[in-house]
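Below you'll find the structure, written out as structure tokens, and then a few comments.
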Amino acid sequence: MALAPIVLDSDPGLDDALALQYLLGTGLWDLKAYTAVGGNAPVEQAFRNARGLARAFGVDGDVPVHRGADRTISRVDSASDFHGPTGLGEEVLPDSKEPDQDEPAPAALVRLSREYEGELTVVATGPLTNVAAALLLDPGTAHRVRRLVFMGGAAQVPGNCTPLAEFNVWADPDAADIVVSSGIPYTMVGLDATHGWRFTHEDLARLDAAGPGQELTARFVRAYLKAYDANHRQSSCPLHDPLAVGVAADESFVTTGTGTVAVECASELGRGQTVYLPEDKAVRFNYPPHILARTRHTGRVALGTGPRDFSAHFTETLLRRPSL
Ligand SMILES: [Ca+2]
């Protein structure tokens, strides 16, 4: 069976790195491009990290790595040191052996949506800057992509970088709002679900025991666990970005609702809040016209963990795909 075409748009980022390894380990996807976006690291650093990860995970030369948009749609700065000085903890990876791609990430997304019209899955695990820029370049992209699955947002739970907002949406709220109101078929995998599937020190022990090819991954996870311990006093870490990749293939890792997502872009306190209007409520409640106008577009929204155990599946899949 032919593998399904996919683009991974990412701001590596420790859990982004794990998401790439996991995606390759599933054996389900034909990764057509790995596109970098600013977020966990500034865009140039994210691009260098993405190039290094392509080499580390053995797809250098097979998977083109594209540099993302050089500024956010919202023109906001979201610098964060949560993922360490390089965005990959303290890791500085050997660069890709390939020349830099000239084609920017948004243009690559538009081109691939044409080449694989109706087939292309896009998974975004950073701010939605590149996806929004692609939609602004060519709004028809929304109707050619099979499905966009993005890690971001918080539908019915608090945020993680402000009381109301999840980081990826907070980092470029206008981009997120362009995406969810574009008509693109989307699944939002936000904190409602990602906080439920976790990676523990016991899982890390499995990587350590696996030996050659998992040392780099173990270092990523160790840095990520440390960040969660230092910042949130948690002894395990959520599998945010890998879960979005998982859901792209199998939605049973989460429970979902159907409804409209609208993003708060204007308010200082509410910036990046994802306002979720379940489809049934939108019909039943007599919302004012400016809210009802938004319900023309709906998406699927992950609302919790599903019946299939993602944490176990994730670690097993990593073990199938060692780094070089
Ligand atoms: Ca990310």
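Any read-out appearing in this document is the output of simple, stated calculations on the displayed coordinates, not a laboratory observation. This structure is a prediction, so every number in the text was calculated from the model and none was measured. Using ideal geometry, Cβ is built from the backbone for each residue, glycine included, and neighbour counts are taken over all protein chains shown.
If I model a spin label as a point 7 Å beyond the Cα along the Cα-Cβ vector, how far apart are those points for Asp138 and Leu324 in nm?
Going from the Asp138 label point to the Leu324 one covers 3.1 nm.
Given Cα pairs under 8 Å that are at least 6 residues apart, what percent is the relative contact order of segment 1-106?
30
I need to check one value: relative contact order of segment 44-203, counting alpha carbon pairs closer than 8 Å and at least 6 residues apart, in percent.
With pairs under 8 Å counted, the relative contact order is 22 percent.
Provide the FRET efficiency to the nearest 0.05 for the Val76-Ser267 pair, computing r from the beta carbons and using R0 = 22 Å.
E between Val76 and Ser267, to the nearest 0.05, is 0.95.
Glu316 versus Ala210, label points 7 Å from Cα toward the beta carbon: distance in nm?
1.3
For segment 159-219 and segment 89-118, write down the distance between their C-alpha centroids in whole Å.
20
Please list, in order, the residues from segment 117-136 whose amide nitrogen is less than 13 Å from a point placed 7 Å along the Cα→Cβ vector of Glu103.
The answer is 117, whose backbone nitrogens lie closer than 13 Å to the label point.
Can you give the extra length, in nm with one decimal, that the chain gains between Thr200 and Glu90 once fully stretched, where that is 0.36 nm per residue apart less the Cα-Cα distance?
Contour length minus Cα-Cα distance gives 37.5 nm.
Below 20 Å, Cα to Cα, which lysines can Lys32 reach? Residues fewer than 8 away in the same chain don't count.
Lys97
What nm value, rounded to one decimal, do you get for the distance between Ala2 and Arg308 when each label is placed 7 Å out toward the C-beta?
2.3
With only Lys, Arg, Asp and Glu charged, each at its Cβ (+1 for the first two, -1 for the last two), find how big the charge dipole of the chain is about the Cα centre; round to the nearest 20 debye.
Dipole magnitude for the chain comes out near 560 debye.
Just tell me the longest site-free run in the chain, where the sites are trypsin sites (Lys or Arg not before Pro) in a DSSP loop having at most 15 other beta-carbon atoms within 10 Å.
98-232
May I ask you to derive the relative contact order of the chain, considering only C-alpha pairs under 8 Å and at least 6 residues apart, and to give it as an integer percent?
Result for the chain is 20 percent.
Mark the label point 7 Å from the Cα of Glu117 along Cα→Cβ and return the residues of segment 127-156 whose backbone N is within less than 14 Å of it.
Hits in segment 127-156 for Glu117 at 14 Å: 139-146.
From the convex hull of the Cα coordinates of the chain, what is the mean projected area in square nanometres?
Orientation-averaged projected area of the Cα hull: 15.5 nm².
Tell me the GluC sites (Glu not before Pro) within segment 229-273 that lie in a loop according to DSSP and have at most 10 other beta-carbon atoms within 10 Å.
Glu268
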